[in-house]
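First the structure, in the form of structure tokens, and then the observations on it.
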Amino acid sequence: MEKKNSCCKVCVTGGAGYIGSWLVKKLLEKQYTVHATLKNLKDESKVGLLRSLPNANSTRLVLFEADIYNPDEFEKAIQGCEFVFHVATPMHHSVGSNKYKNVTEAAVASAKSIAKFCAKSGTVRRLIYTASVVAASPIKDCGSGFMDFMDETLWTPLNVSFPYCDLHKDYLQSKTLTEQEILSYGHQKIGGGLEVVSLACGLVGGRDTLLSFTPLTVAVLISQLTNNANFYKSLKYMEELLGKIPVIHLDDVCEAHIFCMENNQPMNGRFLCASSFVSTSEIATYYLQNYPQLRPKQEYLDGPKREIKWASTKLIDKGFVYKYDINMILDDSITCARRMGDI
């Protein structure tokens, strides 16, 4: 794999989030110049988080204010960049918006604008979108069961009913329709050659974070140890939607993003990104066997036993290597939660 010029400029939307901030950190370590967007530059906690990073001087890290609900604001951040990572995603609808009626409209519109700005820039070669595996469910259209595999060819049927289906309905619709929208620009090859990569990432765990609290996805992964009912429902939601739960380490997520940027091969299209595919009962069994002092409940050991194969090899076939297996991810997630005082 041939690496790109490490002096080039790259843009990261949502630069202060769990994935975004760690990606910015890694890019700065690799000597890239980073344009990072934040929703509000007056938020000193998020600005300070990024400014405290090594190599984050004013020339190497340039911060831009840009809001998903005002997508035109992203154009300045994209100008002059060679690669764009669209990591930002709205989790809740901005009730003050009179432009969009829900988060899906806002997310799709912003993705459309960002893709057009990339093509218009004359400099952007590749747009990499942080998608979610929730958009690639093997659940059957009728909701009667699952196909026996999960890979990039699958799209989640948005009107299907399943246990916990109302829990994250807006997020599911938003991530699915936004990914389809952004991939359509890669199919069109707008601007004469813009490549669009979608990385549909699993549930993210890990030890490290720049945030001052346990990241949401980590809290979901350790919910069987904290007995947080709401977070555990989110874990069950993923299992009932996807059959089992694709899991990935934060470090692997960010390395996969950078791999998709630096890879000299054509990278257009959709890639699922997860190193493990496990059930909630398998997670609980690991906790019980390795952390009995944390007293995970026996009831978590009961769960569906589904034979669904993780059939995605596209990213590995390109040469990417995952460094963290499920045991390492769970161990690191516990370490993170302990540091934050949640365990």
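The values are calculated or read from the model by the stated rules, or taken from the named source; none is laboratory data. Source: prediction; values computed, not measured. Using ideal geometry, Cβ is built from the backbone for each residue, glycine included, and neighbour counts are taken over all protein chains shown.
Tabulated values for the structure
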read-out	value
In segment 230-276, the residues that are in a loop (DSSP other than H, G, I, E, B) and of a type in the set (Lys, Arg)	Lys244
Meets criteria (hydroxyl-bearing (Ser, Thr, Tyr), modelled with pLDDT under 95 and crowded, with 17+ Cβ neighbours inside 10 Å) for Tyr18	no
Test: residue in segment 100-117 that is acidic (Asp, Glu) and assigned to a loop (DSSP other than H, G, I, E, B)	no
Test: residue in segment 294-305 that is in contact (Cβ under 8 Å) with a residue 24 or more places away in the chain, part of a helix (DSSP H, G or I) and either under 27 Å from Ala256 (Cβ atoms) or not small (Gly, Ala, Ser) (or both)	yes
Some residue of segment 324-331 being free of Cβ contacts under 8 Å to residues at least 24 places away in the same chain, outside any strand (DSSP E or B) and polar (S, T, N, Q)	no
Candidates Ala131, Ala135 - the one that is on the phi < 0 side of the Ramachandran plot, assigned to a strand (DSSP E or B) and of a type outside the set (D, E, K, R)	Ala131
Any hit, segment 17-27, residues being touching a Lys or Arg at 6+ places or on another chain (Cβ under 7 Å) and not charged (D, E, K, R)	no
Tally, over segment 141-156, of residues that are surrounded by 15 or more Cβ atoms within 10 Å (Cβ to Cβ) and part of a loop (DSSP other than H, G, I, E, B)	5
Test result for Glu239, within 19 Å of Ser137 (Cβ to Cβ) and surrounded by fewer than 23 Cβ atoms within 10 Å (Cβ to Cβ)	yes
Filter result for the condition that a residue is over 25 Å from Pro215 (Cα atoms) and crowded, with 20+ Cβ neighbours inside 10 Å, over Leu315, Leu272, Leu330	Leu315
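The rows are residues; the columns are (1) part of a helix (DSSP H, G or I); (2) surrounded by 20 or more Cβ atoms within 10 Å (Cβ to Cβ); (3) among the hydroxyl-bearing types (Ser, Thr, Tyr).
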residue: Ser161; (1), (2), (3): no, no, yes
residue: Cys165; (1), (2), (3): no, no, no
residue: Leu177; (1), (2), (3): yes, no, no
residue: Gln180; (1), (2), (3): yes, no, no
residue: Gly186; (1), (2), (3): yes, yes, no
residue: Val204; (1), (2), (3): no, yes, no
residue: Phe213; (1), (2), (3): no, no, no
